[in-house]
Amino acid sequence: MAIGVLFGDLVKALFTKPATQNYPFTKTIAPERLRGKLVYDPEKCVGCMLCMKDCPSNAIELLTVDKINKKFVMRYHPDRCVFCAQCVQLCRFNCLNMSNSLWEMASTTKEAFEVYYGREEDIAFLLERAAQPGINEPPCE
Amino acid sequence: MSTDSENFYAQIVNKLKNWARINSPWAIHFNSGSCNGCDIEILATLTPRYDVERLGIKLQGSPRHADVLIATGPVTLQALDRLIRVYEQMPDPKYVIAVGSCALSGGVFDGCYSVIGDLNKVIPVDVYVPGCPPRPEAIIFGVVQLLDSLKKGKKPTKIVVSNDVPELIIEEKSNGNN
Amino acid sequence: MTEAKKEKFIVPIGPQHPALKEPGNFEFTVDGEIVTDAAVRLGFVHRGIEKACENRNYTQDLYLLERVCGICSHVHATAFVLGVEKLAGVQAPPRAEAIRVLAAELERIHSHLLWFGVAAHEAGFDTLFMYTWRDREVVMDILETLSGSRVHYSVNILGGVKIDVDQKLSDLIKKDMDFLEERTEYYMKVVTTDDTFLGRTRGIGTLSKDRAKLLGAVGPTARASGVKRDIRVNAPYSGYKEFPVKMVIDQTGDLEARFVVRLKELYESYRLIREILEKIQPGEITTRIKRKIPEGEVISRVEAPRGELFYYIKSNGTEMPDRVKVRTPSLCNWGTITDVAVGHKLADMPMLLAGIDPCFSCNDRMVEIRSDSQPSQMMNWDGLRKYGIEYYR
Amino acid sequence: MNLSLHPLILLLIFPGGLFLMNIGLLYEWADRKLVARFQSRVGPRWFQPFADTIKLLAKEEIIPNGVHKIMFLALPIIALTGALTAAQYIPMFGFEASFSFEGDLIVVLYMLSMMTLSIGLAGANTLSRFTIIGATRALTQMFSYEAPFLLALLSPAIAAGTWNIGKINTFTGENIWLILAQPIGFIVAVVGLMGKLELPPFDAPEAETEIVAGALTEYSGRGLALFHIGKNVELVIGLTLVVIFYLGGIANPIEFILKSAGLFLVVTALQSMFARLRIDQTVGLWWRLGALMGLLQLLAIIFGRYLGEILR
């Protein structure tokens, strides 16, 4: 039975530095294992499509440019992604990774949430083809 | 008195208004079917570690007091009309921040029978914050994005909600909650 | 005057309400400040998860079900994984099971601290809320360094776990546990001695042992009323066979008892985590599991921070389950609120609601459609299934 | 110090209107900042209340259906006017009061109650259930704190032998600090002030977790801003009153600032130390404890004076 049990802590809090991080002005460093934005390495990918198959929220689309020469482009939607890292777990060739530095992704437009990963010439080729009328994009599956 | 000086005063008033708006975004939080993850993280931004009060953000209970609607979750059919009502009850100018993958696109719930999945289909969204859930820092980052866009002079537009829900009006009269 | 007296004054709480960060609608009929009737309306968070499970494969279901609830995400995944592993006849390696328990206990700490803060906030004790959440960030940091996400840890995969604990991490966790234990002792002191706080908790919402049993309360709510109900003790699963826990019980059954039970459970969690980190065996953390799960049905029960979590999984031999049924602890505890609320002050309602640690997103597995024009009808499983297929076609 | 300015300036600029409003907003900042520091946070920036107020003034004002329009618009103004009028009778900032007459203490106390009355009416005016409950609670609380607060302020007045705030100020400045002579009265006055201003833990009328924002739930924009300013002005007046009565009076601005800051620290610490009291607990506490203590204090003072006269 007492009144004001918290008093000691109040005084302590008043004379110590606040626990606040000065976030938007100083950046915080995320822990090593943090699951941020997905990063794709087109050099290692063999196009097994396992990541696409098991993605719980259809965030990954693997577009085939040339299957024999192993040319793939990944269209990644951070707005759909739930950052579960199942694709990273499944990928046997370590071409997928979740970055621990890219996690601030707010945007005022939704267009920002369509990210193309791959070799530059492949992306240019795909976008060019998609821009032409009448020709559909390469099949996803 | 020429029109120049009037313009000058009008400019000053406008600048003052804009400054006040940027420095005091009072927020209201609505959960339209989220899994609580985002909501807890939004709540966490109020607590000592992140403390958004230093940016002037205050979580308000009544939509009448709020400027920013922070919405989470893949809009469920049940929460839909409530969400629209809360949005309509907010006085102009008002802004919407969609937090979490569900509010952006449906996330894992995309395709469930009871969700709409995209907040943008229901009310106009100003800032999108992806993540499942986004870290509290990322939510603050999203708010800062909104304030930045206001600073650059994005005009607060008066937007009419597209979904016309006639039952809403009848319900509002009989049932005065919120 | 008599007309006015007959008219009920109903105070709605929710679906948008600052007390509850989640949508749920309560209607309290009040007479002055005294509550005379209480009704709950759920379903604002109904997303159709159980149905969605049926057209996703088991791996996708795991992440879908993890997002049933953002506070106790790990236990949902654990319950599902344990069930599927039982169906497939696979046993996760011991190290994986220990890590599952580790994550579950860390989650319990985070959930209880979160609840403690929210309950303090409901009582208008904002300073306590701030302090609790400041200390909660410690366990959130652990979870983030351990698993990579603050809320949806995604520790489980079918047949094991994703993450491993190394020596450095375990030292860090042990150090933080000491800090948290010290803080918990302090909060215990506040909860049991501060007069203003006791005024809001002692003797409020007393639930007797018999009522608790009758209403089917689970978890800390039941344990605060003296019901011995804890799946970790009654039917140990996963790593709890190796690392037993002690059941925490209080006989009083009021709000204060619920605070005390939850805080005492925190001590138990700290102890268990230290024990796991010391005794954990090196070894594999995953086993292979086939994509197609053999036909059969299984019941899987785990102890969530809020009480017993129940999963029923039926497999038809394909990559996708035939039926998944989830019964969450919050749903079992709802009955206690409407039972206990009558006769209390309106000001006590947020505290009472917080007392069972409600989780609306956990609840909303079902939608009740009320229609005045049509008579209600009973449907059997097949009829309901047919109706559902027709309805959503 | 004496001020001889035109009455209009006294009313509108200093120490009335403009100055008082700004000081009020600064007080709000100090309040929020100190509470934040007690909670181990950084807290708002110094211009936060100003930004809030300007923003609210520039916002759309929604008048809900089914309210009495004139009342809805007039009540915030009445509340603010009441508070500002009360300020005229108080030796603000170390200067002598702008207006004074024998018995202005009573006028000030009743002017301060205008705020609560307006909030009560505003709550009853709108149809929302939260506002009605908020209004009932606000009025209930008013009935409970008014008597002890009055008693606590009366005992110094009786000790000074006058009901004029200015004269009480000089009396307390010349004698021993009344906080030492009448500690019970001081406690009752401070806690009564917190009840009057609906600060936590006596914030049941606007308990966010129960009834959203209480009586002001339906107010937006201008009305809300005016109520906010009114509350802050009340905070200034209330603290000044307690300083004048119990902390040895105020003779100059420096003394005013120092003593107010000291009292502020106590009030904010009390704010962040307790759980919110239920409305029935508030009323019980006040009538059982507060009023009794205030009465005891008053009786002791009267008896003391009587005794002193006999001995003389």
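See the values below:
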read-out: Cleavage-rule hits (trypsin sites (Lys or Arg not before Pro)) in the range B:69-152: DSSP loop, at most 16 neighbouring Cβ within 10 angstrom; value: B:Lys152
read-out: Using θ = phi - 60° and Karplus 6.51 cos²θ - 1.76 cosθ + 1.60, couplings along the range C:103-118 (whole Hz; Gly, Pro as x); value: 5, 5, 6, 4, 5, 4, 4, 5, 5, 5, 5, 4, 4, 4, x, 5
read-out: Dipole in debye (nearest 20) - the range D:7-311, about Cα centre, beta carbon charges: Lys, Arg +1; Asp, Glu -1; value: 520 debye
read-out: Per-residue HN-Hα couplings for the range C:223-238 [Karplus 6.51, -1.76, 1.60; θ = phi - 60°; Hz; x = Gly/Pro]; value: 5, 5, 9, x, 8, 7, 9, 8, 4, 4, 9, 5, 9, x, 10, 6
read-out: Residue (of C:Thr184, C:Gln167, C:Val218) at the positive-pole extreme of the range C:47-328, dipole from beta-carbon charges; value: C:Val218
read-out: Partner chain coverage, peptide D:217-228 - average Cβ within 10 angstrom; value: 3
read-out: Amide H contacts under 5 Å for A:Val39, placed H, 5+ residues apart; value: A:Asn97, A:Met98, A:Ser99
read-out: Shape call, chain D: gyration tensor on alpha carbons, a/c limit 1.5; value: prolate
read-out: Total charge dipole magnitude, the range C:47-328, about the Cα centre, Cβ charges on Lys, Arg, Asp, Glu only, Debye to nearest 20; value: 860 debye
read-out: FRET E, pair D:Asn175, D:Arg45, Förster distance 45 Å, beta-carbon r, rounded to 0.05; value: 0.65
read-out: Cα gyration tensor shape of the range B:71-153, rounded if a/c is under 1.5, else prolate or oblate by comparing a/b with b/c; value: oblate
read-out: Cα convex hull volume per residue for chain C (Å³); value: 149 Å³
read-out: Rg(Cα)/(2.2 N^0.38 Å) for the range C:36-108, N = residue count; value: 1.38
read-out: Peptide-level mean, for A:84-97, of C-beta atoms on other protein chains within 10 Å; value: 3
read-out: Ellipsoid equivalent to the range A:61-115 - semi-axes via the Cα gyration tensor, in Å; value: 23, 16, 9
read-out: Mean Cβ neighbour count within 10 Å, used as a protection proxy, ranking C:349-359, A:23-33 highest first; value: C:349-359, A:23-33
read-out: 222 nm mean residue ellipticity, helices alone, for chain D (DSSP H n ≥ 4; -39,500 (n - 2.57); rounded to 500); value: -23000 deg cm²/dmol
read-out: 5 Å-binned pair-distance histogram of the range A:30-131 (Cα, whole percent); value: 2, 13, 23, 25, 20, 12, 4, 1, 0
read-out: Residue with peak Gaussian network fluctuation, chain D [Cα springs, cutoff 10 Å], from D:Ile62, D:Ile165, D:Ile229; value: D:Ile62
read-out: DSSP-defined antiparallel bridges as percent of all bridges, the protein assembly as shown, nearest 5; value: 75 percent
read-out: Overall form of the range B:29-116 per C-alpha gyration tensor (a/c, 1.5; a/b vs b/c); value: oblate
read-out: Solution diffusion estimate, µm²/s, Stokes-Einstein, the range B:3-174, Kirkwood Rh from C-alpha pairs, 37 °C, viscosity 0.692 mPa s; value: 195 µm²/s
read-out: Number of partner chain Cβ atoms within 10 Å, mean per residue of B:115-123; value: 1
read-out: Exposure proxy order (Cβ contacts within 10 Å, fewest to most) of C:Lys246, A:Lys37; value: C:Lys246, A:Lys37
read-out: Ranked packing of B:108-116, A:60-68, most packed first, by mean Cβ within 10 Å; value: B:108-116, A:60-68
read-out: Farthest positive-ward along the range B:3-174 dipole, Cα basis, beta-carbon charges - from B:Ser101, B:Ser149, B:Asn14; value: B:Asn14
read-out: Binned Cα-Cα distances of the protein assembly as shown, short to long, each 20 Å bin given as a whole percent; value: 12, 42, 32, 11, 2, 0
read-out: Total charge dipole magnitude, chain A, about the Cα centre, Cβ charges on Lys, Arg, Asp, Glu only, Debye to nearest 20; value: 500 debye
read-out: MRE, 222 nm, helices only [DSSP H, n ≥ 4, -39500 (n - 2.57), over chain A, to nearest 500]; value: -6000 deg cm²/dmol
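A short reminder: the numbers here are calculations on the coordinates, not readings from a lab. Every value quoted in this text rests on a predicted model; they were computed, and no experiment measured them. Heads up, the Cβs are rebuilt from the backbone with ideal geometry, glycines too, and the neighbour counts pull from every protein chain shown.
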